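Okay, so here's the structure we're looking at.
The values are calculated or read from the model by the stated rules, or taken from the named source; none is laboratory data. Values in this document were obtained by computation on a predicted structure and should not be read as measured data. In this analysis, Cβ positions are derived from the backbone assuming ideal geometry, glycine residues included, and neighbour counts consider all displayed protein chains.
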Amino acid sequence: MTRSSLPKRGLSVFSILLVLSMGCAHKANGPSETTPQSTKGQRLDLGVRLSDGRWLELADLRGTPVLLFVFATFDTVSQASLKSLRPFVPQHPDLLVIGVAAQPRALQLVEAWAYALDPPFVVGADPYGRVETGESSLGKIEIVPTFILYGADGYELARMTGLVTEGDLARLVEPVSGDSN
């Protein structure tokens, strides 16, 4: 290998990484609303270990509308979503917002993520790995972040994926908040 081939090799590795990262984020350019048939009307039934070590059964939250923020600690779009969530959460006190990490070894990383980014809501992970494998009541999570709205009765009402604005979030929660902003 000659000295002149090193920059080309480095450029090739960089190009591959760039293409891979663009491929992973291709749907994260804007929000998309969907409620897949496989989860439409699905009742929220999931236990998560919170970043502070407490256990939370989401089925016990019936009676309160819940917005799940399904994210990955390594995902920049998930991190960028905090910009919209920071003002949104205190403006919707009747809505419980919970972050759920969907990735391998989530429990090992969620505490550090919460400590570093200080989200305005509790965060946790499914210790059994069912969220990232698509075997939980959330169904298959194909894109992070995914926002899933559950009514007070515990049934899924809507979901949205990708980078969202405060306005997108307000429109998503309209069925439970009555806001028309």
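If only residues of region 78-133 that are over 24 Å from Leu61 (Cα atoms) and among the aliphatic types (A, V, I, L, M) are counted, the one that is nearest to the chain's Cα centre (by Cα) is Ala80. Residue count for region 54-75 satisfying the condition of being closer than 17 Å to Val173 by Cβ, among the small types (Gly, Ala, Ser) and touching a strand residue (DSSP E or B) at 6+ places or on another chain (Cβ under 9 Å): 0. Of all residues in region 152-178, those that are in the same structural domain as Leu82 (by TED's automatic domain parsing) and of a type in the set (Val, Ile, Thr) have Cβ atoms under 6 Å from Cβ atoms of residues that are surrounded by fewer than 20 Cβ atoms within 10 Å (Cβ to Cβ) and assigned to a strand (DSSP E or B), 6 or more apart or on another chain, in Thr161/Ser32.
A count restricted to region 39-73 and to residues that are under 18 Å from Met160 (Cα atoms) and either touching a helix residue (DSSP H, G or I) at 6+ places or on another chain (Cβ under 8 Å) or not charged (D, E, K, R) (or both) stands at 13. Taking region 76-99 as the search range and keeping residues that are in contact with a strand residue (DSSP E or B) (Cβ under 6 Å, 6 or more places away or on another chain) and over 15 Å from Ala170 (Cβ atoms), which one is surrounded by the fewest Cβ atoms within 10 Å (Cβ to Cβ)? Out of the qualifying residues, it is Leu96. Taking the criterion of being part of a strand (DSSP E or B), among the small types (Gly, Ala, Ser) and surrounded by 23 or more Cβ atoms within 10 Å (Cβ to Cβ), would at least one residue in region 106-124 satisfy it? Yes, that holds for at least one residue. For Val144, state whether it is among the hydrophobic types (A, V, I, L, M, F, W, C) and touching a helix residue (DSSP H, G or I) at 6+ places or on another chain (Cβ under 6 Å). Considered against the rule, which asks whether it is among the hydrophobic types (A, V, I, L, M, F, W, C) and touching a helix residue (DSSP H, G or I) at 6+ places or on another chain (Cβ under 6 Å), Val144 comes out as yes. Based on this model, can you work out whether Tyr115 counts as among the aromatic types (Phe, Trp, Tyr) and over 20 Å from Arg54 (Cβ atoms)? No, not satisfied. The residues of region 156-181 that are out of contact with any Ser or Thr (no Cβ under 9 Å at 6 or more places or on another chain), outside any helix (DSSP H, G or I) and modelled with pLDDT of 95 or more amount to a single one, Val173.
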